[in-house]
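Have a look at the structure below, then the notes.
The values are calculated or read from the model by the stated rules, or taken from the named source; none is laboratory data. Note that this is a predicted model, so its numbers are computed, not measured. Cβ placement follows ideal geometry from the backbone for every residue including glycine, while neighbour counts extend to all protein chains displayed.
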Amino acid sequence: MVEFIPTDMQEENMRAIVLKEFGGPEVMQIGEVPTPEPVDGQVLVRVMATSVNRADLIQRQGNYPPPPGESEILGLEAAGVIETIGPGVSGWKPGDRVMGLVAGGGYAQFVVMTADHLLPVPEALDFNEAACVSETYITAFLNIFLIGGLQSGETVLLHGGGGGVNTAGIQLCRQLVSDATIIVTASPGKLDRVRQLGADRVINYREQDFADEVRSFTGKRGADVILDHIGAQYLQSNLKCLALEGRLVIIGLLGGSVAELNLAHLMVKRQRIIGSVLRSRSIAEKKEIAAAFTRRVLPYFERREIVPLIHRVYPLAQAQAAHEEMQASRHFGNIVLQVQNDI
């Protein structure tokens, strides 16, 4: 565990990953930038580790800018130690081990975080594990449970079983709704690992029609909740295997953003299509989501009944290699960037 040693003077500059321009992984490099200062309701966190998320790759390419006023440094979550408390913050103190969401800035030695969005790092987790929790597990929890409303006895379809959000989704479904039926699509090399993680049915999306397989496995009933990051390319097939009053939650557009929709079919089956993005939500919304996650999910991490799945840990200076690995989809679980060496 890291021992917190207070400093008398905050470092004016810090190391961070900066972009020379938009483009491939090669545009990232280690640079020196001003250390941010917390304002009202914020804390400054010394980052121990952060994680690589698909959204980081999209931002690096110039297609996912941060919300106005937020850091342009990549990184949507961080785990570390509180360095400084800003005005109006209560309930936290320097030295506290914390993790949480940020709208930008995770790929750096320090990041400012909204105090209301912080989660305590359970003693059972190290910082590398904690760095995987906020973006992937909160995204899965928000969209499968708070938005998708998965209930006891229902069926959920998760696309892309090897990614961080979907591996988190499998773990959450197994713990929060133990009798849910979990169907997962995955590439051939990841089928066995997805099955071992807890999926009831794994579909090789490269060789099988997932809509037909879902309907067959469920006796033509279909999936009650579908979590999808592909978008337009999967829309028709998703609706084909979506159950009566089913909920399709779209969290990504890797397969395009424009598609035709048969509204009559949607109406007759009383289906819902819901678009969801976490990053651009308001501070108040994120506060409520973090609070719900803390109540319902964090105890599973404290008991290590859910353990963050780490594919590989890279030092921050090797962010380029980490992005290349995610871009090639060679990972299973989360890719971590270790910012400090004394974890």
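Can you tell me which residue in region 85-94 is nearest to the chain's Cα centre (by Cα), limited to those that are assigned to a loop (DSSP other than H, G, I, E, B) and either among the hydrophobic types (A, V, I, L, M, F, W, C) or more than 14 Å from GLY41 (Cα to Cα) (or both)?
Across region 85-94, the extreme among qualifying residues is TRP92.
Out of GLY162, GLY153, I need the residue that is buried (at least 21 other Cβ atoms within 10 Å of the Cβ) and either among the aromatic types (Phe, Trp, Tyr) or farther than 22 Å from GLU285 by Cβ (or both). Which one?
Details: GLY153 fails: buried (at least 21 other Cβ atoms within 10 Å of the Cβ).
After ruling out the rest, the residue left standing is GLY162.
Taking the stated definitions as given, is ILE203 buried (at least 18 other Cβ atoms within 10 Å of the Cβ), outside any helix (DSSP H, G or I), hydrophobic (A, V, I, L, M, F, W, C) and outside the structural domain of TYR300 (by TED's automatic domain parsing)?
Numbers: buried (at least 18 other Cβ atoms within 10 Å of the Cβ): yes; outside any helix (DSSP H, G or I): yes; hydrophobic (A, V, I, L, M, F, W, C): yes; outside the structural domain of TYR300 (by TED's automatic domain parsing): yes.
So ILE203 passes the test.
Considering region 303-337 alone, what residues qualify as being surrounded by 15 or more Cβ atoms within 10 Å (Cβ to Cβ) and charged (D, E, K, R)?
Once the filter is applied, which keeps residues that are surrounded by 15 or more Cβ atoms within 10 Å (Cβ to Cβ) and charged (D, E, K, R), region 303-337 yields ARG312, GLU324, GLU325.
Any residue at all in region 206-219 that is modelled with pLDDT under 95, on the phi < 0 side of the Ramachandran plot and not acidic (Asp, Glu)?
Looking through region 206-219, at least one residue is modelled with pLDDT under 95, on the phi < 0 side of the Ramachandran plot and not acidic (Asp, Glu).
Filter region 37-66 down to the residues that are in contact (Cβ under 8 Å) with a residue 60 or more places away in the chain and charged (D, E, K, R), then identify the one that is farthest from LEU254 (Cα to Cα).
This residue is GLU37.
Is one or more of the residues making up region 244-252 of a type in the set (Asp, Glu) and either touching a strand residue (DSSP E or B) at 6+ places or on another chain (Cβ under 9 Å) or surrounded by 15 or more Cβ atoms within 10 Å (Cβ to Cβ) (or both)? Steps first, please.
Looking only at region 244-252, we keep the residues that are of a type in the set (Asp, Glu), and these are 245.
If we keep only those that are either touching a strand residue (DSSP E or B) at 6+ places or on another chain (Cβ under 9 Å) or surrounded by 15 or more Cβ atoms within 10 Å (Cβ to Cβ) (or both) as well, we get 245.
Checked against the condition, which is being of a type in the set (Asp, Glu) and either touching a strand residue (DSSP E or B) at 6+ places or on another chain (Cβ under 9 Å) or surrounded by 15 or more Cβ atoms within 10 Å (Cβ to Cβ) (or both), region 244-252 yields at least one hit.
Of the residues GLU83, GLU72, which single one is surrounded by fewer than 16 Cβ atoms within 10 Å (Cβ to Cβ) and acidic (Asp, Glu)? Talk me through it step by step, then tell me what you get.
Details: GLU83 fails: surrounded by fewer than 16 Cβ atoms within 10 Å (Cβ to Cβ).
Every option except GLU72 fails the conditions.
Hand me the list of strands (runs of 3 or more DSSP E) wholly inside region 95-192 holding 2 or more residues that are more than 25 Å from LEU19 (Cα to Cα).
On the way: elements: 97-101, 110-114, 118-120, 155-158, 181-186.
Filter on region 95-192 gives 97-101, 118-120, 155-158, 181-186.
Can you tell me how many residues within region 51-73 are closer than 20 Å to HIS229 by Cβ and either of a type in the set (D, E, K, R) or part of a strand (DSSP E or B) (or both)?
Selection size over region 51-73: 5.
If you go through region 37-53 one residue at a time, how many are out of contact with any helix residue (DSSP H, G or I) (no Cβ under 6 Å at 6 or more places or on another chain) and surrounded by 20 or more Cβ atoms within 10 Å (Cβ to Cβ)?
Count: 8.
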